[in-house]
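Chemist: Structure incoming, see below.
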Amino acid sequence: MNALTSLQRRPRARAVLSAGGTRIARVDGHALSRRVALRSVPRALESRIVPAATTGLCCVYELRVTASAGGPEARFTLTVADGAVRVEARPAPAADAWVALSLADMILLISGAAGLWSLVAEHRVSLGGEIFTVMRFPGLLGF
């Protein structure tokens, strides 16, 4: 168990992380902060993986992270195979499913300050690809 997972299990710490996620999400408008945040996405996503959710799942997801200020899109590949998950900062050549969202919304999701389905309902996150693979994405990352 890593330190972030340990903190997320405590109610007070969870509240602090959630509030911090809202403040941290504001980095999207600053070029240098955006580059730093994008570099940390693979490790942050790996820390959210729910091992039980990977059982029997073999697929490739592509995360398309857009910039609020209209900058270039960043793409990440999540490869799930037989209980192992690999996150890479590159486009997926043949993704089974994709998720498109802003960096700010990605930070909110990872920090637990927002839920995936509420962002989808607000049209801030788009999902596509093979439907059963798409539906397993939130459980994979504990969203």
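Chemist: Using DSSP to call loops (not H, G, I, E or B), can you name the GluC sites (Glu not before Pro) in the range 48-143 whose Cβ has at most 16 other Cβ atoms within 10 angstrom?
Modeler: Within the range 48-143, the qualifying GluC sites (Glu not before Pro) (loop, at most 16 other Cβ atoms within 10 Å) are Glu73, Glu122, Glu130.
Chemist: Pull out the extension gain between Cys58 and Glu88, defined as 0.36 nm times the separation in residues minus the alpha carbon to alpha carbon distance; nm, one decimal.
Modeler: Stretched fully, the Cys58-Glu88 segment lengthens by 9.2 nm.
Chemist: Calculate one ³J(HN,Hα) per residue across the range 46-59 by plugging θ = phi - 60° into the Karplus curve 6.51 cos²θ - 1.76 cosθ + 1.60, and present them in order as whole Hz with x for glycine and proline.
Modeler: Listing the rounded values in order: 4, 6, 8, 4, 9, x, 5, 6, 8, 4, x, 9, 10, 6 Hz.
Chemist: Hey, another quick one. Using each residue's phi in the range 100-115, evaluate 6.51 cos²θ - 1.76 cosθ + 1.60 at θ = phi - 60° and report the 3J(HN,Hα) Karplus result to the nearest Hz, with x for Gly and Pro.
Modeler: 10, 7, 7, 4, 4, 5, 4, 5, 4, 5, 4, 7, x, 6, 9, x
Chemist: Between the range 36-58 and the range 86-117, what's the alpha-carbon centroid distance in Å?
Modeler: First find each Cα centre; the distance between them is then 10 Å.
Chemist: Something else now. So how much slack lies between Ala81 and Met135, counting 0.36 nm per residue of separation and subtracting their Cα-Cα distance, in nm?
Modeler: 17.8 nm
Chemist: Tell me, what ³J(HN,Hα) does each residue in the range 83-89 have, in order and in whole Hz, if you take phi through Karplus 6.51 cos²θ - 1.76 cosθ + 1.60 with θ = phi - 60° and put x for Gly and Pro?
Modeler: x, 10, 10, 10, 10, 10, 8
Chemist: What is the set of long-range amide H partners of Leu57 at a cut-off below 5 Å, with H atoms built 1.01 Å from backbone N?
Modeler: For Leu57, the qualifying residues are Asp82, Gly83.
Chemist: Roughly how many nanometres apart are two label points built 7 Å out from the Cα toward the Cβ at His123 and Arg35?
Modeler: According to this spin-label approximation, the distance is 3.4 nm.
Each reported figure results from applying straightforward, stated rules to the coordinates on display, with no laboratory input. Being a predicted model, the structure only gives us computed values, none of them experimental. As a convention, Cβ positions derive from the backbone with ideal geometry for all residues, glycine included, and neighbour counts pool all protein chains shown.
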